[in-house]
Amino acid sequence: MSTLRHAPQMLRPQQNQQQQTPVSRFVFRPMSQEVFQIAYPAWLEEFPSLDTSLLVLDNRTIDLWKLHCGVILAGGITRVIAFDLWPVISAQLGFVDLVADGPALAYHIQRVYRDFLFIFDCGYYRMMVKRYQEWQRALPRAPDKAPEESLDERVSE
């Protein structure tokens, strides 16, 4: 229990009354399905030699948009690998019945991501970071404060 809550109003710290520009940070989100369905096939034309048979698992097609979303929403490829989230992502893709297969399924989904989406998602990430940085530069800046006088200047008076 905080004792500050029970202190008289004048003893509580005053909140800054000035309007402050909210601090925003970059949040990487997956593409919408509509954008993905346009952007991904155009990008894929650069890689005609990919083995599309990898996209079929247990007679079901792996939905690359859902895989794209799953990895990004899980925190990105580094986090997925570090926390071994491939079984979770496999379940999100609809392969719940195969999750018990363990490492084989996880390896397959990881390979599909690596071969079909990793470079695409890296490019998408770079593009979104660049847009964010451009947006940050375009934000109005707070006026610079007048420099406070130094202690030396006050002492000399």
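In square nanometres, what is one fourth of the surface area of the convex hull spanned by the alpha carbons of region 44-117?
For region 44-117, the mean projected area of the Cα convex hull comes to 4.8 nm².
Quick one: if you stick a label point 7 Å off each Cα along the C-beta vector at Gln33 and Met127, how many nm between them?
2.0 nm
With a sphere of radius 14 Å drawn around the Cβ of Gln33, what net charge do the other residues whose Cβ falls strictly inside it have (Lys, Arg +1; Asp, Glu -1)?
Charge balance near Gln33 sits at 0.
Put His108, His68 in order of accessible area, largest first, 1.4 Å probe: what do you get?
Ranking His108, His68 by accessible area, largest first, yields His108, His68.
Can you give the net charge of the other residues whose Cβ lies under 12 Å from the Cβ of Tyr124, counting K and R as +1 and D and E as -1?
Within the 12 Å Cβ shell, the charges total +3.
With a 1.4 Å probe and all protein chains kept in place, how do Asp63, Asp97, Asp121 rank by accessible area, largest first?
Asp97, Asp63, Asp121
The values are calculated or read from the model by the stated rules, or taken from the named source; none is laboratory data. The structure displayed is predicted, hence computed values, not measured ones. Neighbour counts are summed over all protein chains in view; Cβ atoms, including those assigned to glycine, are modelled from backbone coordinates with ideal geometry. The accessibility values were calculated without ligands, DNA or RNA, using every heavy atom of the protein model including side chains. Shrake-Rupley method; radii C 1.70, N 1.55, O 1.52, S 1.80 Å.
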